[in-house]
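To start, the structure itself, in structure tokens.
Here, each number is a calculation from the coordinates, and none is a lab measurement. Bear in mind that the values here come from a model prediction, so they are computed numbers and not experimental data. We place every Cβ from the backbone using ideal geometry, glycine too, and count neighbours over all the protein chains shown.
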């Protein structure tokens, strides 16, 4: 995570062997995948995503 602000951040990840695109989601701390999703993306072809629309001071 970088470029962290009160309502967003930039996420980066390493390439997975053989992957051509990535799906991602942000959920509150303690939630299972898919539960309470506050931001998400699909078919990302790069290794970075700009996450926006978060609520300040929330644990994710």
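Data table
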{"quantity": "Residue check for residue 23: exposed (fewer than 10 other Cβ atoms within 10 Å of the Cβ) and under 10 Å from the mean Cα position of the chain (by Cα)", "calculated": "yes"}
{"quantity": "Residues located in segment 29-46, provided they are under 15 Å from residue 9 (Cβ atoms) and in contact (Cβ under 8 Å) with a residue 24 or more places away in the chain", "calculated": "29"}
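So that you can scan it fast, the table gives a plain yes or no per residue for (1) part of a loop (DSSP other than H, G, I, E, B); (2) surrounded by 13 or more Cβ atoms within 10 Å (Cβ to Cβ); (3) touching a strand residue (DSSP E or B) at 6+ places or on another chain (Cβ under 7 Å):
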| site | (1), (2), (3) |
| --- | --- |
| 10 | no, yes, yes |
| 35 | yes, no, no |
| 41 | no, yes, yes |
| 49 | no, yes, yes |
| 53 | yes, no, yes |
